[in-house]
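**Student:** Handing you a structure now.
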Amino acid sequence: MRGKKEAMKFNSSSQSIPNWPVALPDERFDRMENEKFPAFQLHIRNMGNLLCCVQVDQSTVAIKEQFGKFSDVLDPGCHCLPLCLGYRVAGNLSLRVQQLKVKCETKTKDNVFVNVVASIQYRALSEKADDAFYRLTNTRSQIQAYVFDVIRGTVPKLNLDAAFEQKNDIAKAVEEELEKAMSHYGFEIVETLIVDIGPDEHVKKAMNEINAAARLRMAANEKAEAEKILQIKRAEGEAESKYLSGVGIARQRQAIVDGLRDSVIGFSVNVPGTTAKDVMDMVLVTQYFDTMKEIGAASKSSAVFIPHGPGAVRDVAAQIRDGLLEGSSIQY
């Protein structure tokens, strides 16, 4: 009985904590490989070396050495490297296009400090992979040094506005210098862009204020020209209106004179013994009373003091007659 109990206890403990290998899903296996077995992946990679086989990925070349001396450039694919003969892979070199952003502070011709940001796209040449691998220790630092040299030699010759306008020329100068220098090291400059020219914030604010003032000045000039055109058109309209009004008044007076002449002639013919003077006196008296009627019928509250009576009418007629006679004497 005691042996059976110990056996049962052993079985229960063995069921709770299994000591034999268990098949895990792929995901759990990969996680255990990365977390609990860091040397496992390295072991898999080194199996190719143990079998004298090397895999080179796409868009990558491998540098082959024999006893520490450069031997060949391995293209993408599987290659056999006999370790017993001293062959090994010194390193890999990517042929993909890489991008490097360079920020350079410099000064323009009008003494404005700006930050010029250049974007350099470059790649290693497969036919010069040995030069790209052995001749440069830090490719990015070398490219950055050339970019600094060209930008600080080009931008100080330009004003701030000209620097903004000639961004393409600056980029072309940087690209030409880099292409000439980096081609000796096995690199090709694919594209060079000047992505930003950033002056100080105070300079930006001043430039915006200058632009705003210029636009306000243009708006004021346009507004003044519009007012000028309106005044000219208004004056032309008033002149035309006054001209037409004068023509109307002249025609009105001409019609009045013609009517008076016809009235005088008709009155003299129908009433024998009357003269033109008598007829004019009667016409003046009639117009006097018409004027008094219009003044009295006016809606505005204004007071006009006019002497009224037969004597006043006679005086008015005499004054008008004397004025006409004086005008006739001066004319002749």
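The values are calculated or read from the model by the stated rules, or taken from the named source; none is laboratory data. Given the structure is predicted, the values throughout are model-derived calculations rather than measurements. A quick note on method: Cβ atoms are made from the backbone with ideal geometry, for glycine too, and the neighbour counts reach across all protein chains shown.
**Student:** Filter the stretch 79-102 down to the residues that are more than 19 Å from residue 131 (Cβ to Cβ), aliphatic (A, V, I, L, M) and not in a strand (DSSP E or B) and list them by number.
**Tutor:** Matches in the stretch 79-102: 81, 83, 85.
One line per residue, one yes/no per condition, for (1) surrounded by 10 or more Cβ atoms within 10 Å (Cβ to Cβ); (2) of a type in the set (Ser, Thr, Tyr); (3) within 30 Å of residue 110 (Cα to Cα); (4) at pLDDT 70 or above:
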{"position": "225", "(1), (2), (3), (4)": "yes, no, no, yes"}
{"position": "248", "(1), (2), (3), (4)": "yes, no, no, yes"}
{"position": "254", "(1), (2), (3), (4)": "yes, no, no, yes"}
{"position": "262", "(1), (2), (3), (4)": "yes, no, no, yes"}
{"position": "268", "(1), (2), (3), (4)": "yes, yes, no, yes"}
{"position": "282", "(1), (2), (3), (4)": "yes, no, no, yes"}
{"position": "295", "(1), (2), (3), (4)": "yes, no, no, yes"}
{"position": "299", "(1), (2), (3), (4)": "no, yes, no, no"}
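**Student:** Among what's in the stretch 73-86 and is in contact with a Ser or Thr (Cβ under 9 Å, 6 or more places away or on another chain) and in contact (Cβ under 8 Å) with a residue 24 or more places away in the chain, pick the residue that is surrounded by the fewest Cβ atoms within 10 Å (Cβ to Cβ).
**Tutor:** Looking at the filtered set, the residue picked out is 75.
**Student:** Could you please find all residues in the stretch 196-215 being exposed (fewer than 13 other Cβ atoms within 10 Å of the Cβ) and either farther than 14 Å from residue 160 by Cβ or among the acidic types (Asp, Glu) (or both)?
**Tutor:** Scanning the stretch 196-215 gives 200, 201, 209, 212, 213, 214, 215.
For (1) in the same structural domain as residue 191 (by TED's automatic domain parsing); (2) at pLDDT 50 or above, each residue gets a yes or a no:
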| position | (1), (2) |
| --- | --- |
| 9 | no, no |
| 27 | no, no |
| 31 | no, no |
| 47 | no, yes |
| 66 | no, yes |
| 111 | yes, yes |
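Yes/no matrix, rows are residues, columns are (1) at pLDDT below 90; (2) within 26 Å of residue 71 (Cα to Cα); (3) not in a strand (DSSP E or B):
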site: 104; (1), (2), (3): no, no, no
site: 117; (1), (2), (3): no, no, no
site: 121; (1), (2), (3): no, no, no
site: 129; (1), (2), (3): no, yes, yes
site: 153; (1), (2), (3): no, no, yes
site: 168; (1), (2), (3): no, no, yes
site: 179; (1), (2), (3): no, no, yes
site: 195; (1), (2), (3): no, no, no
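**Student:** Something else now. Looking at the stretch 180-199, which of its residues are without any contact (Cβ under 8 Å) to a residue 60 or more places away in the chain and closer than 15 Å to residue 145 by Cβ?
**Tutor:** Those that are without any contact (Cβ under 8 Å) to a residue 60 or more places away in the chain and closer than 15 Å to residue 145 by Cβ: 180, 181, 184, 185.
**Student:** Please pick out the residue among 247, 283 that is free of Cβ contacts under 8 Å to residues at least 24 places away in the same chain and more than 25 Å from residue 315 (Cα to Cα).
**Tutor:** 247
**Student:** Then there is this: Looking only at the stretch 190-225, which residues are in the same structural domain as residue 169 (by TED's automatic domain parsing) and among the polar types (S, T, N, Q)?
**Tutor:** If the condition is that a residue be in the same structural domain as residue 169 (by TED's automatic domain parsing) and among the polar types (S, T, N, Q), then 192 is the only one that fits.
**Student:** I would also like to ask the following. Can you report the number of residues in the stretch 114-171 which are farther than 30 Å from residue 74 by Cα, hydroxyl-bearing (Ser, Thr, Tyr) and in contact (Cβ under 8 Å) with a residue 60 or more places away in the chain?
**Tutor:** 1
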